[in-house]
1. Output the number of the condition that Thr95 fails; it satisfies all remaining conditions of (1) at pLDDT 90 or above; (2) under 17 Å from Pro61 (Cα atoms).
2. Pick out the one residue from Ala353, Ala437 that is part of a loop (DSSP other than H, G, I, E, B) and either among the aliphatic types (A, V, I, L, M) or outside the structural domain of Met285 (by the TED database) (or both).
3. Counting only residues that are part of a strand (DSSP E or B) and open to solvent by 60 Å² or more (accessible area, probe 1.4 Å), which one in the stretch 181-224 is farthest from Asp247 (Cα to Cα)?
4. I'd like to verify a number: residues in the stretch 260-292 that are charged (D, E, K, R) and open to solvent by less than 70 Å² (accessible area, probe 1.4 Å), how many?
5. Looking only at the stretch 35-45, count how many residues are surrounded by 10 or more Cβ atoms within 10 Å (Cβ to Cβ) and assigned to a helix (DSSP H, G or I).
6. Check Arg54 against each of (1) touching a residue at least 24 places away in the same chain (Cβ under 8 Å); (2) more than 30 Å from Leu392 (Cα to Cα) and name the one condition it does not meet.
7. Of everything in the stretch 165-180 that's over 20 Å from Gly202 (Cβ atoms) and assigned to a strand (DSSP E or B), which residue is most open to solvent (accessible area, probe 1.4 Å)?
8. Can you find a residue in the stretch 52-64 that is open to solvent by 90 Å² or more (accessible area, probe 1.4 Å), assigned to a helix (DSSP H, G or I) and of a type in the set (Asp, Glu)?
Amino acid sequence: MEKKDFEAWLDNISIAFLSLTDLQKNETLDHLISLSGAVQLRHLSNNLEILLKRDFLKLLPLELSFYLLKWLDPQTLLTCCLVSKQWNKVISACTEVWQTACKNLGWQIDDSVQDPLHWKKVYLKAILRMKQLKDHEAFETSSLIGHSARVYALYYKDGLLCTGSDDLSAKLWDVSTGQCIYGIQTHTCAAVKFDEQKLVTGSFDNTVACWEWSSGAKTQHFRGHTGAVFSVDYNDELDILVSGSADFTVKVWALSTGTCLNTLTGHTEWVTKVVLQKCKVKSLMHSPGDYILLSADKYEIKIWPIGREINCKCLRTLSVSEDRSISLQPRLHFDGKYIACSSALGLYQWDFASYDILRVIKPPDFSNVSLLGFGEIFALLFDNRYLYIMDLRTEKLISRWPLPEYRKSKRGSSFLAGEMSWLNGLNGQNDTGLVFATSMPDHSIHLVLWKEHG
């Protein structure tokens with residue numbers, strides 16, 4: 001048939017086809033298909049795929065594609081990445097979707113990262129770590145062996161763990177290698193804190209001492225308490241050391257000279273914790289940048305302004321029961337904005353600007369659970385059997401890790417949390433190193449460490 005005649009025939013056929021009902025059109029197509037050979041069927045198949053399978057991610061503007069993708073959950077998006085290279089490229093570059101998914105998992109977001117493919121990789125890493133936490137496979141254990149008597153005091157900083165023992169020694173350990181870096185002779189340590197040059201110890205002999213790591217020499221001795229010193233803290237910038245004692249007092253000392261600047265009274269129980277911290281919020285009683293002293297006993301937390309003034313007055317006393325019927329667990333968290341402490345009634349969080357109770361978290365069977373660390377996203381807790389991680393956004397326990405029969409301490413000095421930055425959100429780099437340490441009946445130190453990413 002000539003081309004002109006074919007075109008005229010095709011126009012007539014098209015007009016006639018359009019006048020048919022849907023059923024007649026289907027019968028016509030079926031008849032034509034039955035008359036077609038392999039060449040015609042292949043042509044039909046190729047064109048049908050183009051007409052019926054429209055790739056909307058390829059056709060739509062990128063901004064509109066990103067908007068549509070935001071309505072899908074991350075697991076569905078990962079499945080969609082398998083459709084084609086184009087889909088994988090578009091979905092992987094949808095930064096907002098993956099950042100939101102990471103935030104929902106408790107992951108920190110660094111908005112300065114410009115790589116559009118970065119956050120999908122972060123999400124894949126995050127989902128693996130969260131699965132390990134859920135399956136109780138995120139940690140591993142180790143031990144430090146070297147003391148010959150009971151270990152009463154622990155302090156952790158920047159990958160180093162200090163231990164003070166009844167064997168009249170203090171040791172500094174590299175947690176990553178398990179090696180003892182320094183070992184010096186001291187008095188019996190009830191509390192320890194250190195930096196690169198020195199070690200400060202509180203003792204059952206009612207004194208505080210400062211020691212030089214490199215030589216082991218005692219560089220300062222602080223005498224004045226009439227009971228064991230259970231907690232110490234210091235600040236080189238202020239040249240101040242504070243100590244809490246079984247004599248119910250808190251003493252403020254000049255760190256460089258050993259002179260007692262002030263004795264703070266008002267506690268009616270052993271002072272088991274003192275914390276020096278810079279305030280980060282404004283209130284009628286303090287401003288951002290002011291140094292604050294917190295002291296805690298079995299029932300109360302007292303807040304003091306810190307300085308060289310002699311007549312220092314307590315700013316506020318916090319408790320969980322007016323009749324002192326409910327005791328506080330021997331751990332205290334203060335980051336300059338919030339105070340957190342656990343009790344038999346639950347985990348209490350106070351706003352430091354107003355001193356109001358923000359919330360009380362009451363997980364099941366909380367009576368024996370103690371607080372180790374408190375952040376913006378997670379809290380680290382433990383009891384006689386397990387170490388727990390709580391998601392503070394949902395107030396649900398998301399992971400636990402079994403603990404051995406460790407030394408029990410009413411003062412809370414023989415156990416501690418390790419790295420704490422991950423409590424404000426994981427980021428793929430801060431889930432390393434020490435999670436928890438406690439002294440054991442055999443005088444060793446039991447360590448719980450983050451397991452490397454799989």
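The values are calculated or read from the model by the stated rules, or taken from the named source; none is laboratory data. Here the structure is a predicted model, which is why all the values come from computation and not from measurement. In this analysis, Cβ positions are derived from the backbone assuming ideal geometry, glycine residues included, and neighbour counts consider all displayed protein chains. Keep in mind that these areas ignore ligands, DNA and RNA; they rest on the heavy atoms of the full protein, side chains included. Shrake-Rupley method; radii C 1.70, N 1.55, O 1.52, S 1.80 Å.
1. (1)
2. Working: Ala437 fails: part of a loop (DSSP other than H, G, I, E, B).
It is Ala353.
3. If we filter the stretch 181-224 for residues that are part of a strand (DSSP E or B), which is where we start, we get 181-185, 189-194, 198-203, 207-212, 218-223.
When the remaining residues are screened for being open to solvent by 60 Å² or more (accessible area, probe 1.4 Å), the result is 181-182, 185, 212, 218-219, 223.
Numbers: Ile181: 34, Tyr182: 32, Gln185: 26, Glu212: 27, Lys218: 24, Thr219: 25, Arg223: 13 Å.
The selected residue is Ile181.
4. So in the stretch 260-292, the residues charged (D, E, K, R) come out as 269, 273, 278, 280, 282, 290.
After this cut, where a residue has to be open to solvent by less than 70 Å² (accessible area, probe 1.4 Å) as well, the list is 269, 273, 290.
Summing the residues that are charged (D, E, K, R) and open to solvent by less than 70 Å² (accessible area, probe 1.4 Å) in the stretch 260-292 gives 3.
5. To start, the set of residues in the stretch 35-45 that are surrounded by 10 or more Cβ atoms within 10 Å (Cβ to Cβ) comprises 36, 40-44.
Cutting the leftovers down to assigned to a helix (DSSP H, G or I) gives us 40-44.
Matching residues across the stretch 35-45 total 5.
6. (1)
7. Taking the stretch 165-180 as the starting set, the residues that turn out to be over 20 Å from Gly202 (Cβ atoms) are 174-180.
Next, only the ones that are assigned to a strand (DSSP E or B) stay: 174, 179-180.
Values: Asp174: 42, Gln179: 115, Cys180: 59 Å².
By that ranking, first place goes to Gln179.
8. Scanning the stretch 52-64 turns up at least one residue that is open to solvent by 90 Å² or more (accessible area, probe 1.4 Å), assigned to a helix (DSSP H, G or I) and of a type in the set (Asp, Glu).
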